[in-house]
2 protein chains.
Amino acid sequence: MNKSFVTWFTGLFLFGQVEESMALEFDLIEMYFAPLSQEVEAVEMGIGDDGAILNVPENHQLVVVTDTLVSGVHFPENTEPYDIAWKSLAVNLSDLAAMGATPASYSLALTLPEYSEDWLRAFSEGLRDLSAQFAIPLIGGDTSKGPLTVTITAQGWVPNQQAILRSGANIGDVICVTNTLGEGALGLKLALNDWQDSFAISCLSDEEQCRALNALNRPMPQIAMSADMRGLVNSAIDISDGLLADLGHMLHHSLARLKQGAEQGGGDFVLGADIELSQLPLSSGVAHYIKATQDWSLPLSGGDDYQLCLTLPEQHLSKLTERVAAKGVRLSVVGHIVKQKGIRCLKHGVLQEEGMFEKGGGYRHF
Amino acid sequence: MNKSFVTWFTGLFLFGQVEESMALEFDLIEMYFAPLSQEVEAVEMGIGDDGAILNVPENHQLVVVTDTLVSGVHFPENTEPYDIAWKSLAVNLSDLAAMGATPASYSLALTLPEYSEDWLRAFSEGLRDLSAQFAIPLIGGDTSKGPLTVTITAQGWVPNQQAILRSGANIGDVICVTNTLGEGALGLKLALNDWQDSFAISCLSDEEQCRALNALNRPMPQIAMSADMRGLVNSAIDISDGLLADLGHMLHHSLARLKQGAEQGGGDFVLGADIELSQLPLSSGVAHYIKATQDWSLPLSGGDDYQLCLTLPEQHLSKLTERVAAKGVRLSVVGHIVKQKGIRCLKHGVLQEEGMFEKGGGYRHF
């Protein structure tokens, strides 16, 4: 047995009372995780030393992202280990995508209540299948005993000064989102059987249900198009907390940037957004749900979509649409950045009541 | 309130039932963690976006390390929050030091059972005080609710091809360690009041006790000398699991390297180490303990020292000793890499019985 993984998972040494079963656990971890440390040219040294060593592409900056997923908080407790792994890596890659970065590698800190071979095999397969799509290796990490928690830190590269920030939105920008919104939140309702609004689940076809659960459990990070945004997009963020919340973060940071500039030049800034509900891209399942309930919370404040929300000058729109279409990504214009405070939701141009979208479709109802 | 930290700690959004107290928690986190994101030139963007952006020094490779510390497993449950923070960062910096890397930044994934202002303040001060010594900023992370667990991922830089690996040991190398060994394990015995060997704690002066507890709770990573090793040292590892275990890792990886070379060139390789007990550098406290008990487990298999163990050709010894002395580091030769299997412990040249050092002085007794 190659001991490199044993050394790596030093946490295991310290369990005290379970030493007799440690050899078995090491074997399991070695068997299931070591193969994820695939050899790629950019990694000089992966798992097996005190740390990993990565080659740096010339004229690039390093981008680092971290996200923790806790069982029962960020995913339902009965989520399959394959999906837990997939989602843990996906949410990090989604952050890299939002910054226009290309992923390079990731490390894993896994806290497990017990060691089950079946669980570890399925978990490692989830990591393997998603990471293989972007050829990124697992370069290190740690495991320990405790309630199920997955922390992944991912590294990526972006050409110097070309990272896309959430703070770059300007008045007049069009607001776009990728693919469809609300699918992850619909999936969560299905997973939790949470239909407070007396919505008849039978309105959804099997395929619609399947697609929604898949969006919840195996979100696809928009890495394929991250480089396409460079030079065209003013700001981007991934939609993890829901469109309104994440657009709010974008406005907040962009306003702060404008105010900082104004300190030198003077001027009084406000920044807001108009969103047109009829333009929100919806899957047929989410459209059915909204038609039956008149509840727009799934696409507006349901989290877990991991689509991108971006703002750009209108003249760049056709070029970006063309670029990302080649990657199979559908881009929809859903609104504009305006010189007015707050986010206003319109329906065919008519302002909707504030507060109607506060229900939340995401994990807040856990 | 600047919301950048709120966005950053997205985990908090998902607590569900505690929304009413969330504003307070955000304030606390903002107050205590945001100042750790100190502005340094190398960081283009710290906390506040989907990820952090770091400038890359020319002709350097990236080194990434990760370690998780779990309460009651890696540190006693009654450890002070200041010390938990210090140690969590120190063990990661120690890994960077062992590779000859210069630390650049770190991210934090913190799982907390409850939000206490006092706890957070003290914890953040521990991070602040250690990170300030190396001018490294906190660049991101995540927090969530659950049993106390701290995962830190740290990034560092090393000049191209100059990283020091644990696999570089050669037959004939002298084996050196920094400063003294066994102090962390003595500190653990004090913290747990674990004196199975009927050792009278009164043998230790107040100062000796204080020093041992300090070694346990606030280990100092050997970052100051990490660059000094480059070009002189063949292999290095930080002593977290105890000298014998970590030297064992070094031998294992070095043998694998030699065998890999042999596949091309042929040849039959063995690799081992002779350690001379009388040359182990001991603090007066550890020396007193050994004198009273004849138990050498503290310096040999007690973990938590975070000193470096390194091997180098004898002709480089005086130069390295001189370099590190300028940093206040004492280097001791404790043995040699030999062409014989296993690690043998000698005392004034006389081979000691195998198995006498298996007691373990580290967390294995938790």
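The values are calculated or read from the model by the stated rules, or taken from the named source; none is laboratory data. Because the structure is predicted, anything quoted here is derived from the model rather than measured. So basically every Cβ, Gly included, is an ideal-geometry build from the backbone, and we count neighbours across all protein chains shown.
Restricting the range B:299-353 to residues that are over 22 Å from B:Gly248 (Cα atoms) and among the polar types (S, T, N, Q), which is farthest from the chain's Cα centre (by Cα)?
Among those residues, the one meeting the criterion is B:Gln315.
Look at A:Ser278 and say whether it is part of a helix (DSSP H, G or I), hydroxyl-bearing (Ser, Thr, Tyr), surrounded by fewer than 21 Cβ atoms within 10 Å (Cβ to Cβ) and not assigned by TED's automatic domain parsing to the domain that holds A:Asn92.
Yes; evaluated as a whole, the condition is true for this residue.
Tell me yes or no: at least one residue of the range A:323-337 is surrounded by fewer than 13 Cβ atoms within 10 Å (Cβ to Cβ), in a helix (DSSP H, G or I) and of a type in the set (D, E, K, R).
no
Pick out the one residue from A:Leu138, A:Leu165, A:Leu110 that is surrounded by 20 or more Cβ atoms within 10 Å (Cβ to Cβ), more than 30 Å from A:Ser301 (Cα to Cα), more than 14 Å from the chain's Cα centre (by Cα) and within 12 Å of chain B (Cβ to nearest Cβ).
Result: A:Leu138 is the single residue among A:Leu138, A:Leu165, A:Leu110 that is surrounded by 20 or more Cβ atoms within 10 Å (Cβ to Cβ), more than 30 Å from A:Ser301 (Cα to Cα), more than 14 Å from the chain's Cα centre (by Cα) and within 12 Å of chain B (Cβ to nearest Cβ).
If the requirement is being in a loop (DSSP other than H, G, I, E, B) and at pLDDT 95 or above, which of these qualifies: A:Ile164, A:Ile84?
Unique residue meeting the criteria: A:Ile164.
All but one of (1) modelled with pLDDT of 90 or more; (2) surrounded by 18 or more Cβ atoms within 10 Å (Cβ to Cβ) hold for B:Leu351; which doesn't?
(2)
At pLDDT 95 or above, buried (at least 18 other Cβ atoms within 10 Å of the Cβ) and of a type in the set (Phe, Trp, Tyr), is that true of A:Tyr289?
On the way: at pLDDT 95 or above: no; buried (at least 18 other Cβ atoms within 10 Å of the Cβ): yes; of a type in the set (Phe, Trp, Tyr): yes.
No.
Quick one: what pairs do we get from the range A:172-190, first residue at positive phi, second in a loop (DSSP other than H, G, I, E, B) and among the basic types (Lys, Arg), C-beta under 8 Å, 6+ apart or different chains?
Matching pairs, first to second residue: A:Asn179/A:Arg330.
Would you point out the residue of the range B:215-267, among those that are within 11 Å of chain A (Cβ to nearest Cβ) and charged (D, E, K, R), that is nearest to the chain's Cα centre (by Cα)?
B:Asp238
Which pairs have Cβ atoms under 8 Å, sit 6 or more apart or on different chains, and link a residue in the range A:77-102 that is facing chain B (nearest Cβ under 9 Å) and touching a residue at least 12 places away in the same chain (Cβ under 8 Å) to one that is surrounded by 24 or more Cβ atoms within 10 Å (Cβ to Cβ) and in a helix (DSSP H, G or I)?
If the second residue must be surrounded by 24 or more Cβ atoms within 10 Å (Cβ to Cβ) and in a helix (DSSP H, G or I), the pairs left are A:Ser94/A:Gln222; A:Ala97/A:Gln222; A:Ala98/A:Gln222.
Those residues that are in contact (Cβ under 8 Å) with a residue 12 or more places away in the chain, at the interface with chain B (Cβ under 7 Å from one of its Cβ atoms) and of a type outside the set (Ser, Thr, Tyr), I need them from the range A:53-73; list them, please.
Result: A:Leu54, A:Asn55, A:Val56, A:His60, A:Gln61, A:Leu62, A:Val63, A:Val64, A:Val65, A:Asp67, A:Val70, A:Val73.
A:Ser254 - would you say it is buried (at least 18 other Cβ atoms within 10 Å of the Cβ), touching a Phe, Trp or Tyr at 6+ places or on another chain (Cβ under 8 Å) and either on the phi < 0 side of the Ramachandran plot or not in a loop (DSSP other than H, G, I, E, B) (or both)?
no
Can you pull out every residue in the range B:49-106 that is aromatic (Phe, Trp, Tyr) and touching a Lys or Arg at 6+ places or on another chain (Cβ under 9 Å)?
B:Phe75, B:Tyr82, B:Trp86
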